[in-house]
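K.L.:
Here you go, one structure.
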Amino acid sequence: MLVRFIASLVKLTAASLGVGVLLSLVHITHADVLAHLGLTPDQFVELIMRGVAWAIPKIGLGAFIVVPIWIVINVLRPPHRGD
């Protein structure tokens, strides 16, 4: 499972690099993309920070319920036989 996750990250990184190279070849920068969306880099960072500030308390609250249930399920699960 970890190998598949790492492989996905490598593929995502390679695709991002490829698209970034293509965009730079036609002289499109991140500031151009943000301007097209009607945002400045500072506004974009502020939106990301607001999103993180909103999500972290909700993740913590959900973890109070999800983690204990996950632990109980894994403790009560019958042992897995390796094939």
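Please treat every number below as a calculation from the coordinates, not as lab data. Because the structure is predicted, anything quoted here is derived from the model rather than measured. Reconstructed Cβ throughout: ideal geometry from the backbone, glycine too, with neighbour counts over all protein chains shown.
K.L.:
Here are some residues: ILE48, ILE71, ILE65. Which one is assigned to a helix (DSSP H, G or I) and under 21 Å from the mean Cα position of the chain (by Cα)?
P.N.:
ILE48
K.L.:
A further question on this structure: List, please: which pairs have Cβ atoms under 7 Å, are six or more places apart or on different chains, and start with a residue in the stretch 12-34 that is under 22 Å from VAL45 (Cβ atoms) and end with one that is not in a loop (DSSP other than H, G, I, E, B)?
P.N.:
ALA31/PRO41; LEU34/PRO41; LEU34/PHE44
K.L.:
Please verify whether the stretch 8-24 includes one or more residues that are among the charged types (D, E, K, R), part of a helix (DSSP H, G or I) and exposed (fewer than 10 other Cβ atoms within 10 Å of the Cβ).
P.N.:
No: the stretch 8-24 contains no residue that is among the charged types (D, E, K, R), part of a helix (DSSP H, G or I) and exposed (fewer than 10 other Cβ atoms within 10 Å of the Cβ).
K.L.:
It is to be established whether one or more residues within the stretch 43-52 are polar (S, T, N, Q) and under 30 Å from LEU23 (Cβ atoms).
P.N.:
The answer is yes; a qualifying residue exists.
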